[in-house]
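Everything below concerns the one structure shown next.
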Amino acid sequence: MDLQGQRVVVLGGTSGIGLATAEAAARQGAVVTVASSRRASVDHALTRLPDRCDGRVVDLTDAQAVGRLFDDLGEFTHLVYTAGEPLKLMPMDTLDLDAAWNFFTLRYFGALGAVRAVLPYLRKDGSVTLTTGTAKDRPGPGWAVAASICGAMESLTKALAVELAPVRVNVVSPGFVRSPLWSGMGEEERERMYTEVGAAIPVGRVGEVEDIARAYVFLMTEPFATGTVLTVDGGHILV
Ligand SMILES: NC(=O)c1ccc[n+]([C@@H]2O[C@H](COP(=O)([O-])OP(=O)(O)OC[C@H]3O[C@@H](n4cnc5c(N)ncnc54)[C@H](OP(=O)(O)O)[C@@H]3O)[C@@H](O)[C@H]2O)c1
């Protein structure tokens, strides 16, 4: 089974893992809609996608705007959610509780709200693929809040797989991936991190967004996969 002619919506699909997933789905023949909050990133993404694809500007923390987006898009087959703002580590000794609450807004509540809003429009033979991360199983200092979001995403996925059946619901858990998510770091520091992390894990490098995109396409197209947490991390959680 491939994605020929199927409509796929990628929320957060204008950069990094989401854009690579949109491109991979389009290569399999899907008609892809990408959405994110900035017009410039939507326009950039559309230069990388075939003409049959389109893009929408929407702030996924605005539940009403998300509802309007799906009312406008109508029926489709696969929803992918990869939206996330640049990562912030939150060491406990300086933890700001408001910032910790807010960190859940886009990654967890944005995904929950999108799934709620999409239900009237998602085909029953379709799928939802969400995003978590290996921080749940391998958190470092400063990762308490981010790791908690990952745990919540995995539990959400399994609960939705039961409640929304026959719609399939899965989640991809990437390890360290070279992407704009890390753009808040200086270039030198970021490259050093990629090199050091890569050298320490079994495959000898950090991930590229295309590595992770293949996992989303697999979960969209595998009819027996639901409630699955698909870790693609170069073996990082093993060492
Ligand atoms: N890269 C990694 O190493 C890694 C590892 C594990 C998990 N993850 C997770 O994978 C997901 C994707 O990461 P990535 O590396 O692909 O990041 P990315 O390249 O920074 O992409 C994030 C996307 O989210 C969109 N976005 C941000 N705020 C938004 C908002 N309020 N409303 C709508 N869209 C919004 C961005 O577009 P706009 O700026 O236009 O809104 C962008 O398209 C994140 O949840 C991240 O935590 C990444």
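Read-outs: derived from the displayed coordinates by stated rules, not from any lab. Just so it is clear, the structure is predicted and the values come from calculations on it, not from any experiment. All Cβ positions, glycine included, derive from the backbone under ideal geometry; neighbour counts span all protein chains shown.
Computed values, structure above
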{"quantity": "Rounded Å value of the spacing that divides the Cα centres of segment 1-68 and segment 203-239", "calculated": "20 Å"}
{"quantity": "Stretchable slack from LEU95 to GLN64, in nm (0.36 nm times residue separation minus alpha-carbon distance)", "calculated": "8.1 nm"}
{"quantity": "Reduced Cα scattering model of the chain, Debye log10 I(q)/I(0), q = 0.07, 0.13, 0.14 Å⁻¹", "calculated": "-0.21, -0.76, -0.89"}
{"quantity": "Using θ = phi - 60° and Karplus 6.51 cos²θ - 1.76 cosθ + 1.60, couplings along segment 173-178 (whole Hz; Gly, Pro as x)", "calculated": "10, x, x, 5, 10, 5"}
{"quantity": "Rg to Rh quotient for segment 151-239, alpha carbon positions, Kirkwood Rh", "calculated": "1.06"}
{"quantity": "D_trans [Stokes-Einstein, Kirkwood Rh over alpha-carbon pairs] for segment 35-86, 37 °C, 0.692 mPa s, µm² s⁻¹", "calculated": "271 µm²/s"}
{"quantity": "Residues whose placed amide H lies under 5 Å from that of THR33, excluding near-sequence neighbours", "calculated": "VAL8, VAL9, VAL10, ASP54"}
{"quantity": "Low-density loop positions, trypsin sites (Lys or Arg not before Pro), segment 181-239 - DSSP coil, at most 13 other Cβ in 10 Å", "calculated": "none"}
{"quantity": "Computed helical MRE - 222 nm, the chain, DSSP H runs ≥ 4 contributing -39500 (n - 2.57), nearest 500", "calculated": "-12500 deg cm²/dmol"}
{"quantity": "Residues GLU85 and THR47, FRET efficiency given R0 of 30 Å [Cβ-Cβ distance, rounded to 0.05]", "calculated": "0.85"}
{"quantity": "Per-pair calculated FRET efficiency, R0 = 25 Å: TYR194 and ARG138 via Cβ, rounded to 0.05", "calculated": "0.90"}
{"quantity": "Ratio Rg/Rh [Cα only; Rh per Kirkwood] for segment 95-195", "calculated": "1.04"}
